[in-house]
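Just so you know, all these numbers are worked out from the coordinates, no wet-lab data involved. Computed from a prediction, not measured in an experiment: that's the story for all the values here. Neighbour counts run over all protein chains shown; Cβ positions are idealised from the backbone, glycine included.
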There are 2 protein chains.
Amino acid sequence: MNNPSGSAASFLGIDLSGPTMRTSLVTSSGDVIERRENQIEADKLVSKVAEVVKELRDSHPDIAALGIGIPGLVNRQTDRVIASRDLPSTVREELHSEFMDATGLRVEIENDANAAAYGEYVVGAGRGSRDMFYVTIGDGIGGALILDGKLWTGASGFAGEVGHITIDTEGIECECGNMGCLETVASGPNIVRRANERLHRDGTSSLSRLAINKNFTAADLAHEANNGDDFSLMMIERTGKYIGTGVASVLNLLNIEKIVLGGGVMDAGDLILKPIIQEAKQRAFQPCFEATQIVAAALGPDAVSIGAAMLARDAA
Amino acid sequence: MNNPSGSAASFLGIDLSGPTMRTSLVTSSGDVIERRENQIEADKLVSKVAEVVKELRDSHPDIAALGIGIPGLVNRQTDRVIASRDLPSTVREELHSEFMDATGLRVEIENDANAAAYGEYVVGAGRGSRDMFYVTIGDGIGGALILDGKLWTGASGFAGEVGHITIDTEGIECECGNMGCLETVASGPNIVRRANERLHRDGTSSLSRLAINKNFTAADLAHEANNGDDFSLMMIERTGKYIGTGVASVLNLLNIEKIVLGGGVMDAGDLILKPIIQEAKQRAFQPCFEATQIVAAALGPDAVSIGAAMLARDAA
């Protein structure tokens, strides 16, 4: 972007996907200038966003546009939030125009996984690739597809739902109504469910330190695995194999050059990445596996906000 | 295509995917003018193609180009056949230039499933859609993806391998090396395997007329199902459910507006199409299912040859 005065525009990205609202102010090349974290309530969404934007604009008058990652389905033709588990319909109806009115900025809204994928593509682990598939593994499993540099969202905006491909026709029921979805075994809460079932079945005394505290999380499991707890390690490895099975299906369908894996479950690092890659290698067509790189995401919890800011930049 | 003389050019398409070579001469709008079927041997491939082309050019001097559907992986940038189970490497090395030299025509070569998909897209069941996924279910299960009117073949030309997505992590071993691929339960030979296993397990006397003849095919099974044989009907329905499971995964990943199903197994008609659609509806995200049409292919055994001719037309 040319700017005769020498000061390039900056862009603001906000992630509304968690209980914490995360804001990143980034340069036009995607470098983070400043970060904010704020607690939000659904019914004060717009006013909170407006407050944070105002504060940042006071100190950075060059902010050119705002991107917002939304936990729900967004139709970018109409700029409407079509569906969201987290935002009540009364809140989401006119969200886009409300954000514009309240902030005085041009606003782009996008599904959170799509925004994260775009962030990883432009400035993160996907940089340099033409096509990329992004998988985020946390409380749920989401995904997004980028083809030729653009988000490819399909006929009605839902493309990329890798968490809901069937990997076991006889598997347990998923929240989505299907059975045996990848998400039913590999999301954070389902890792904990599987671990608890196993501890329960086999008796807990000698199996794992985890059994001492019944209310453990997937992050605790990863932590114990890193500390050498064999049971936790096995659970993480098996989870990686499930994810690798899903990744292999994506590879065989799309022969895509890069798979980027993000989300809280990937905080386990190589303990989970290695079995993912191993299983994908076992299950995918050899030329599909050989043509791809399977890597961990690079932007961590900033992926959605940075991606949203980059979407705001590129929609200009 | 404008042609001041009033006689539009025609295009030739050849399908080399079976033991029978199928040739279609089509108008520039894809209507079939003439069909040929010839037996071929792999070591006389080029001379046989040249012979058929010569005969047809003698009576149709307006043939502008030739498209050939090949049972193997084709790199269309280099016009080379990379891999093929059916064509020995000695034969395929310089196939493209040999075809050009022997026929005197401009020649386009393409993978057979890709050619069939393109045929269905341009003049068959996919007509009018922007994006389409094609599945062919026969001795194996193949597929191809068309996005924005173009074959989307991925990083190394392998995209669309829906037959090798995992639908059962614990399933039986597939020829591809993976376990539990869709192909291991739903291809023609695997339908027969499953039926035989079931007949063997349950005793054959009262189950089905098929047991009388041990050497039945998937087509025989479909035929008996059409005649009201309950066992055959059940086998076809279960096969449809497996295919529908794969279709649901494609829908959730790609949110694609049209799925076209072809190949010999689809000759069972509504007996298999209905359970496919039913299972896809059960398993796919509702908005993904609602945004799609799942239909039977329209071009039958001409799909590859017509599609190859249309690829020759559009590469001009």
Euclidean distance of C-alpha centroids, segment B:91-166 and segment A:54-86, integer Å:
40
Label points for B:R80 built 7 Å along Cα→Cβ; distances to same position in the other copies, nm, shortest first, come to 5.2
Low-density loop cleavage sites - GluC sites (Glu not before Pro) in segment A:31-86, where at most 10 other Cβ are within 10 Å (DSSP):
A:E41
I want the antiparallel fraction of DSSP beta bridges within the protein assembly as shown, as a percent rounded to 5.
55
Provide the packing ranking of B:245-253, A:61-69, i.e. peptides ordered by the mean count of other C-beta atoms within 10 Å per residue, highest first.
B:245-253, A:61-69
Counting Lys and Arg as +1 and Asp and Glu as -1, each charge on the Cβ, what is the dipole of the protein assembly as shown about the Cα centre in debye, to the nearest 20?
140
Gap in Å between the Cα centre of segment A:237-287 and the Cα centre of segment B:174-206?
28
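So what's the back-of-envelope 222 nm ellipticity for chain B, counting only DSSP H runs of four-plus at -39500 (n - 2.57) apiece and dividing by all residues, rounded to 500?
-12000 deg cm²/dmol
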Out of all DSSP beta bridges in segment A:127-297, what portion is antiparallel? Express it as a percent rounded to 5.
55
For chain B, percent of DSSP beta bridges that are antiparallel (nearest 5) comes out at 55
Hey, can you rank B:153-159, B:291-297 by average C-beta count inside 10 Å, highest first?
B:153-159, B:291-297
For A:S47, place a label point 7 Å out from Cα along the Cα→Cβ vector, do the same in each other copy, and report the separations in nm, one decimal, smallest first.
8.8
Averaged over its residues, how many other protein chain Cβ atoms are within 10 Å of peptide B:242-251's Cβ atoms?
4
Find which of B:I82, A:N178, A:I82 sits farthest along the positive direction of the dipole of the protein assembly as shown, computed with +1 on the beta-carbon of Lys and Arg, -1 on that of Asp and Glu, about the Cα centre.
A:N178
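With an 8 Å Cα cut-off and a minimum separation of 6 or more residues, compute the relative contact order for chain A in percent.
Normalised by residue count, the contact order of chain A is 22 percent.
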Estimated FRET transfer efficiency (B:E170, A:R106; beta-carbon r; R0 45 Å; 0.05)
0.30
Decide, for the protein assembly as shown, between rounded, prolate and oblate: order the square roots of the alpha carbon gyration tensor eigenvalues as a ≥ b ≥ c, take rounded if a/c falls under 1.5, and otherwise choose prolate if a/b is larger than b/c, else oblate.
oblate
Given 10 Å bins starting at zero, what is the percent of C-alpha pairs of segment A:127-297 in each, up to the one with the largest pair distance?
10, 39, 34, 13, 4, 0
What gaps in nm, shortest first, separate B:N226 from its twins in the other copies when you place the label 7 Å past Cα toward the beta carbon?
6.3
When a/c reaches 1.5 or more, the comparison of a/b and b/c decides; with that in mind, is segment A:6-125 rounded, prolate or oblate per its Cα gyration tensor?
prolate
Taking R0 as 25 Å, what FRET efficiency do you get between B:H200 and B:K274 from their Cβ-Cβ distance, rounded to the nearest 0.05?
0.35
Averaged across B:149-161, how many Cβ atoms of other chains sit within 10 Å of each residue's Cβ atom?
6
Residues with amide H under 5 Å from that of A:I294, placed H, sequence gap 5 or more:
A:I259
